[in-house]
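Colleague: Have a look at this one.
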Amino acid sequence: MKSKGKGSRASSSASGRSGRSGTAYYRNCAAARAAGVAPLYRGDPGYRPALDRDGDGVACEPYRRRR
């Protein structure tokens, strides 16, 4: 029987954005934008709920300016 430890994790999403497997971490949306990966979608490397202000599954969405 195989053990399900940390080393046996499989990616649940193949977004193709980074071209690399593994995880990414962005301190804030400015960092994600500077890396050229914003917006981040739930399941993408680097997505985390703290970056998703409205909870819709899309983090670091573009600003909508008020007129």
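The values are calculated or read from the model by the stated rules, or taken from the named source; none is laboratory data. All values reported here derive from a predicted model rather than from experimental measurement. So basically every Cβ, Gly included, is an ideal-geometry build from the backbone, and we count neighbours across all protein chains shown. Protein only, heavy atoms only, side chains kept; ligands, DNA and RNA dropped before computing areas. Shrake-Rupley method; radii C 1.70, N 1.55, O 1.52, S 1.80 Å.
Colleague: So which of TYR63, TYR41, TYR26 is touching a helix residue (DSSP H, G or I) at 6+ places or on another chain (Cβ under 9 Å) and of a type outside the set (A, V, I, L, M, F, W, C)?
Modeller: Going through TYR63, TYR41, TYR26 in turn, the sole match is TYR26.
Colleague: Further question on the same structure: Please specify each residue of the stretch 45-59 satisfying the condition of being outside any helix (DSSP H, G or I) and either open to solvent by 20 Å² or more (accessible area, probe 1.4 Å) or farther than 19 Å from ARG27 by Cβ (or both).
Modeller: Matches in the stretch 45-59: PRO45, TYR47, ARG48, ARG53, ASP54, GLY55, ASP56, GLY57, VAL58.
Colleague: Under the condition of being over 12 Å from the mean Cα position of the chain (by Cα) and assigned to a helix (DSSP H, G or I), which residue from the stretch 1-30 is modelled with the highest pLDDT?
Modeller: ALA30
Colleague: Please list, ordered by first then second residue, the pairs with beta carbon atoms under 6 Å, 6 or more apart or interchain, first in the stretch 54-67 and under 7 Å from PRO39 (Cα atoms), second open to solvent by 80 Å² or more (accessible area, probe 1.4 Å).
Modeller: Once the first residue is under 7 Å from PRO39 (Cα atoms) and sits in the stretch 54-67, its partners that are open to solvent by 80 Å² or more (accessible area, probe 1.4 Å) give VAL58/TYR41.
Colleague: Right, something else. Filter the stretch 31-44 down to the residues that are part of a loop (DSSP other than H, G, I, E, B) and crowded, with 16+ Cβ neighbours inside 10 Å and list them by number.
Modeller: Listed by number, the residues that qualify are VAL37, ALA38, PRO39, ASP44.
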